[in-house]
1. Using the structure shown, decide if Arg116 is modelled with pLDDT of 95 or more, assigned to a loop (DSSP other than H, G, I, E, B) and out of contact with any Ser or Thr (no Cβ under 6 Å at 6 or more places or on another chain).
2. In the list Leu138, Leu131, which residue meets the criterion of being more than 24 Å from Val16 (Cα to Cα), aliphatic (A, V, I, L, M) and modelled with pLDDT under 95?
3. Can you list residue pairs whose Cβ atoms sit under 6 Å apart, with the first residue in the range 194-214 being within 13 Å of Gly165 (Cβ to Cβ) and the second being small (Gly, Ala, Ser)? Count only pairs 6 or more apart in sequence or on different chains.
4. Please enumerate the residues belonging to the range 45-81 that are outside any helix (DSSP H, G or I) and modelled with pLDDT under 95.
5. Considering only the range 131-155, state which residues are out of contact with any helix residue (DSSP H, G or I) (no Cβ under 7 Å at 6 or more places or on another chain) and within 14 Å of Ile199 (Cβ to Cβ).
6. Just the residues that are among the aliphatic types (A, V, I, L, M) and either open to solvent by less than 50 Å² (accessible area, probe 1.4 Å) or more than 19 Å from Asn158 (Cα to Cα) (or both), please, taken from the range 29-59.
7. Picking from Glu186, Glu162, which residue would you name as being more than 26 Å from Ala46 (Cβ to Cβ), among the acidic types (Asp, Glu) and not assigned by the TED database to the domain that holds Ser14?
8. Within the range 143-194, track down each residue that is in a loop (DSSP other than H, G, I, E, B), modelled with pLDDT of 95 or more and small (Gly, Ala, Ser).
Amino acid sequence: MQTIGLIGGISWVSTVDYYKLINQGINEKLGGLNYSQCLIYSFNYADIKKNNDINDWETTFKMVLKACNDLKFCGAKAIVLCANTMHFLADRLENEIGLPIIHIATATATEIEKKRLKKVGLLGTKFTMELDFFKSKLADKGIATIIPNDADREFVHNTIFEELGKGLVTAETKKRYLKIIEELVENGAEGIILGCTEIPLVIHQNDVKVPVFDTALLHSKAAIEFQLS
């Protein structure tokens, strides 16, 4: 089994899910007492959020690069960034550390391609929805992406940091998310990407009439495939 390094704490809520999903997946494949051989570097989320607030990606890059190198020194053969937004730095990190970054958008695009969908709605932080680092991986496979309007993007972004990232889920927030998804479907989305690893706390497949793509789950499966390759 190949050792992987998980970079988490962004947020800790979804990092717990990654650890659970990967260990369960390894055990389903190998049985017995087999579980994931992995390392975890968990950030203080407040430090990352402080950088986000002033759009200081360079400081974040240096922090995450150090984490990657620490995991590499300890034996990791690949890195899993346990957050969609952090993949803004993925290609640059991969070039610097000389280890593969198991990319969350690539894993998601592969699954959407299997279902032969050509247009999907994307939910996530404003960085994930508005920048190209996620959408470009979909475009490479001929998949078009649509995102919510300005007000809805602001709402989704704020709830990720103020509620979901703290493990908080309210009926009011769920109702608004479902309305946003409904509008995306009306605008032609054949599926919905839960492009923040905390969104599955509030939205599930049985809430939505089109396929839902849980990026944390798909990313975890890709990590498992790497470990057992």
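1. Numbers: modelled with pLDDT of 95 or more: yes; assigned to a loop (DSSP other than H, G, I, E, B): yes; out of contact with any Ser or Thr (no Cβ under 6 Å at 6 or more places or on another chain): yes.
Taking the combined requirement at face value, the residue satisfies it.
2. Working: Leu138 fails: modelled with pLDDT under 95.
Checking each option against the conditions leaves just Leu131.
3. The qualifying pairs are Cys196/Gly124; Thr197/Ser14; Thr197/Ala83; Thr197/Ala216; Glu198/Ser14; Glu198/Gly165.
4. Ile54, Asn55, Asp56
5. Correct list: empty.
6. Those that are among the aliphatic types (A, V, I, L, M) and either open to solvent by less than 50 Å² (accessible area, probe 1.4 Å) or more than 19 Å from Asn158 (Cα to Cα) (or both): Leu30, Leu33, Leu39, Ile40, Ile48.
7. Result: Glu186 is the single residue among Glu186, Glu162 that is more than 26 Å from Ala46 (Cβ to Cβ), among the acidic types (Asp, Glu) and not assigned by the TED database to the domain that holds Ser14.
8. Within the range 143-194, Gly188, Ala189, Gly191 meet the criteria.
The values are calculated or read from the model by the stated rules, or taken from the named source; none is laboratory data. As the structure is a prediction and not an experimental result, all values here were calculated from the model. So basically every Cβ, Gly included, is an ideal-geometry build from the backbone, and we count neighbours across all protein chains shown. Note: areas computed on protein heavy atoms with side chains; ligands, DNA, RNA excluded. Shrake-Rupley method; radii C 1.70, N 1.55, O 1.52, S 1.80 Å.
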